[in-house]
1. Spelling out what I want: for every residue of segment 4-15, take phi, set θ = phi - 60°, compute 6.51 cos²θ - 1.76 cosθ + 1.60 (Karplus), and round to whole Hz; glycine and proline get x.
2. Amide H neighbours of Ile4 under 5 Å, at least 5 residues apart or on other chains, H built in the peptide plane: list them.
3. Which value in Å does the Kirkwood hydrodynamic radius of segment 252-436 take, with 1/r averaged over all unlike C-alpha pairs and then inverted?
4. Report, to the nearest 10°, how far helix 326-341 tilts away from the longest principal axis of the Cα atoms in the chain, using its own Cα long axis and a range of 0 to 90°.
5. Mind checking which lysines have their Cα closer than 20 Å to the Cα of Lys241? Skip sequence neighbours fewer than 8 apart in that chain.
6. Determine, from the Cβ-Cβ distance of Ile495 and Ala426 and an R0 of 30 Å, the FRET efficiency 1/(1 + (r/R0)^6), rounded to the nearest 0.05.
7. Relative contact order for segment 342-436: what is it in percent, counting Cα pairs under 8 Å that are at least 6 residues apart?
8. In nanometres, what is the gap between the two model label sites at Gln29 and Met1, each 7 Å from Cα along Cα-to-Cβ?
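Please treat every number below as a calculation from the coordinates, not as lab data. Computed from a predicted structure; not experimentally measured. No Cβ is skipped: glycine too gets one built from the backbone with ideal geometry, and neighbour counts run over all protein chains shown.
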Amino acid sequence: MRIIDHYIGSSAVASGARMGDVFDPNSGQVQAQVRLGGAAELDRAVALAKAAQPAWAATNPQRRARVMFKFKELVEREIDDLARILSSEHGKVLADSRGDIQRGLEVIEFCCGAPHLLKGEFSHGAGPGIDVWAHRLPVGIGAGITPFNFPAMIPLWMAGVALVTGNAFILKPSERDPSLPVRLGELFVEAGLPKDILHVVHGDKEMVDAILDHPDIAAVSFVGSSDVAHYISSRGWANGKRVQAMGGAKNHAVVMPDADLDAVVRDLAGAAFGSAGERCMALPVVVPVGDATAEALRAKLLPAIAALRLGTSTDPDADYGPVVTAAHRARIEHYIQMGVDEGAELVVDGRGFSLQGHEGGFFIGPSLFDHVKPHMQSYQEEIFGPVLQIVRAADFEEALRLPSEHQYGNGVALFTRNGHAAREFAARVNVGMVGINVPIPVPVAYHSFGGWKRSAFGDIGQHGMEGVQFWTKRKTMTGRWPDGGVGDSGSAFVIPTMG
Ligand code: NAD
């Protein structure tokens, strides 16, 4: 059996006896075991990071950026192999895995501009003979704890910005698909990153708690489900760390009566069922405005869903592949049954799907619910599977209220041809990332990513300038060179002003 070791000090480290199973979602078989570490492995990584980080911080940003340029080149060269590793543990189809890697590389491209991003601020003559200037320094050692669903993009959101701003970085990837993050770590070192600056440690709650309690880790970035995000932010903050913790989601697509329904159905099919619905920016809820819109949309959705093609993650014709584990599939099926029991109409039932020749795989067909009501638990909670729920709204105001009042506030999309309605919706909806005729409004790398309400704890987003802010601390200097030398002005007993 293949063993996935920790990657500490640029070497595979076979420490720790506890193991976790890593499945092949296409077959349902265990394909490898990953070491589940804790304080011992983390201490080793932190000690190396602590010794190496000052020299990395003192390396000029242009040189640090060159590592990013080189890393991008290496990843582009290997992208097909990397996508195969990713798909083999996650289950998403190869084209989608390439997209996952590419979105991460776009953050690396942003990081290539580090000299510009770190230039700082200067105010000449803020007072008589006084200048004020500020610049940003690395926090020291940062850690990233990442979910299973984007094993390339999300580690790169964090690692890219943390490293290029001069930090050492410790990644704790999901234990369900840990191989690709290790390979990305190796490629950073091949690209010229000093060997003790990046470490990949594996584990579950035990390793996460060791990270949250380690006195030498200054900042923790987390992406995963909301209860864990809440726990991580509370414990991290209690220990005096800087924490950003992105959580779960339940994104709505609001469809106005004037929308181009054929385009909406094309967008919805991809955004609700792509990657088997295992995306925090998926669209698992659609809100048609008015019954006529609902009926027309439902009529067009049915053939689109019937045409969806499930296949293995290596099948080039598959729209989506298996979900990540049998336990996750059972959780999705549990929510489908809950929807039925709560009285929603199950129009298409994806349970019981089996792919010929891959009967053990973690496949689940697409499901469609209609007449879902806001009080239902199956609507209020995140399902994270290929399940689309229609919640009918009578008018624009009711449609606006649904995502605004939902416990999650990650993303939302509005489909319309009416500019005024779009502008009004974008201004008033209580959600962090808004798409106008764009189904998955993940901001580009030089903007920042992050939702509202239970979709994010802490108020600094991932990547873009907020990412730079998260991984650095500001130092502000005020200096004066009075005419005639320093120290000729006597004591001041009132607060100095620039008056
Ligand atoms: P998860 O919360 O189960 O795991 C995320 C990480 O936390 C993993 O590294 C895991 O090892 C660790 N972890 C799990 N349970 C823990 C516990 N009890 N204590 C401490 N650490 C723990 O999430 P997942 O299933 O891997 O990923 C799917 C979830 O992530 C969904 O809820 C999805 O919406 C969310 N997500 C959010 C975003 C976002 O940006 N808002 C992006 C991607 C995924």
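1. Running phi through 6.51 cos²θ - 1.76 cosθ + 1.60 with θ = phi - 60° gives 9, 8, 5, 10, 10, x, 6, 10, 6, 10, 9, 9 Hz.
2. Amide H to amide H, under 5 Å and 5 or more residues apart or across chains, Ile4 pairs with Gln33, Val34, Arg35.
3. On the way: mean 1/r = 0.0602 Å⁻¹.
For segment 252-436, inverting the mean 1/r across all distinct Cα pairs yields 16.6 Å.
4. The angle comes out at about 60 degrees.
5. Lys50, Lys172, Lys205, Lys473, Lys475
6. Working: r = 43 Å, r/R0 = 1.43.
Here the calculated transfer efficiency is 0.10.
7. Details: 123 pairs, mean separation 19.4, N = 95.
Computed value for segment 342-436: 20 percent relative contact order.
8. Taking the simple label geometry, Gln29 and Met1 are separated by 1.4 nm.
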